[in-house]
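Derivation of every value follows stated rules applied to the coordinates shown; laboratory data play no part. Values in this document were obtained by computation on a predicted structure and should not be read as measured data. Cβ sites come from the backbone with ideal geometry, for glycine too, and all protein chains shown count toward neighbours.
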Amino acid sequence: MDFDGERELSAEEVARGERVKRLIMAAVSRCNACRRQYTVADFAVIGHREHLWMVAVSCDGCQHQGFITAVIHGRSPERVQPAPVPLRELTPAERAHFASTSPVATDDLLDLHLFLEEFDGDFSALFGVGKDT
């Protein structure tokens with residue numbers, strides 16, 4: 001795994017990380033806690049391995065922090081243009097749907113923890129991508 005703090009990055013690696021941050025910002029544009037619009041400076045690439053990128057985000061407004069794992073597969077990040085995502089509030093039907101669902105339970109988190117201990121990072125195998133079904 002490449003961790004940015006272990007060595008000095010080349011200008012090309014820094015530029016690639018900036019492009020990845022912009023792609024992620026297109027999908028995660030606002031703080032979940034205070035709804036402040038993120039800027040590229042709020043994102044920090046922690047590391048990456050092939051197509052798997054780990055990025056931290058910190059809200060400059062409320063100091064809320066998050067961790068994003070993104071799989072950027074296919075064309076290289078240098079050539080990918082993020083699709084514009086229209087931002088909107090939840091519809092009344094969406095609010096009703098989420099209000100009626102159960103909150104995440106402790107057992108759910110433990111199950112996820114156990115799964116992640118054994119997970120090798122192969123999302124294609126996990127979701128059966130490329131298999132005839």
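For this structure, a couple of remarks:
- Packing here is the average count of other Cβ atoms within 10 Å per residue, and on that basis the peptides 97-109, 59-71, highest first, run 59-71, 97-109.
- Per-residue extension of 0.36 nm, minus the Cα-Cα distance of residue 40 and residue 119, leaves a gain of 25.4 nm for this segment.
- Simple spin-label estimate for residue 49 and residue 110 in nanometres, 7 Å along Cα-Cβ: 2.7
- Spacing of the modelled spin labels on residue 56 and residue 96, each 7 Å from Cα toward Cβ, amounts to 4.2 nm.
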